[in-house]
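Taking it in order: structure first as structure tokens, then the write-up.
The values are calculated or read from the model by the stated rules, or taken from the named source; none is laboratory data. Model, not experiment: these values are computed from the prediction. All Cβ positions, glycine included, derive from the backbone under ideal geometry; neighbour counts span all protein chains shown.
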């Protein structure tokens, strides 16, 4: 599904990722390491937010490492960044629908995806009209994950997935 082969990433003269290779099939994979180890840089390289100086990244057999970010997203990769990147003055519903807006068939499949998201995070159904910025930190994290799922991704990348979630919800998120 996702293949990273021998990528190197620099920030200026600082070499951040060295000859990194990774294969991800239809499975759950965790990348662990201390702060500054390059985990977020790897995510950013996959998404086209930083460009590797060498190596290749392919998704579903197609090279993506030179594509613009919007084309990478449209190919079926969604991400939930470390920071909660929500629209704070928009409602929970509007934030969810924004996740479906820019992918092929997203709006047509929104009803079914909402059902799945509400099964996973029932509290969001109760908060549909509430501005996202008024949610608790954990609820905002749930909304960020739910919004990414609204795109119906083939691959979902979570950067610091349990950040802000209550411990009882962490296992539930990973189970699904």
*asked:* Here is a check on your reading of the model: is residue 129 touching a strand residue (DSSP E or B) at 6+ places or on another chain (Cβ under 9 Å), assigned to a helix (DSSP H, G or I), modelled with pLDDT of 80 or more and outside the structural domain of residue 47 (by the TED database)?
replied: no
_Tally of residues being assigned to a helix (DSSP H, G or I) and over 20 Å from the mean Cα position of the chain (by Cα) across segment 108-121_ = 1
*asked:* Taking the criterion of being outside any helix (DSSP H, G or I), touching a residue at least 24 places away in the same chain (Cβ under 8 Å) and under 17 Å from residue 40 (Cα atoms), would at least one residue in segment 140-155 satisfy it?
replied: yes
*Only one of (1) farther than 25 Å from residue 96 by Cβ; (2) within 18 Å of the chain's Cα centre (by Cα); (3) modelled with pLDDT of 95 or more fails for residue 20. Which number is that?*
(2)
*Residues that are more than 10 Å from the chain's Cα centre (by Cα) and modelled with pLDDT of 90 or more, drawn from segment 147-158*: 150, 154
*Among the residues of segment 40-59, write down those that are surrounded by fewer than 20 Cβ atoms within 10 Å (Cβ to Cβ) and assigned to a strand (DSSP E or B).*
54, 55, 56, 58
*Kindly indicate whether residue 85 is part of a helix (DSSP H, G or I) and either surrounded by 15 or more Cβ atoms within 10 Å (Cβ to Cβ) or at negative phi (or both).*
no
_Condition check: surrounded by 14 or more Cβ atoms within 10 Å (Cβ to Cβ), without any contact (Cβ under 8 Å) to a residue 24 or more places away in the chain and not assigned by the TED database to the domain that holds residue 100. Does residue 67 satisfy that?_
yes
*If a residue has to be part of a helix (DSSP H, G or I) and either under 16 Å from residue 150 (Cβ atoms) or under 11 Å from the mean Cα position of the chain (by Cα) (or both) to count, how many in segment 62-82 make the cut?*
2
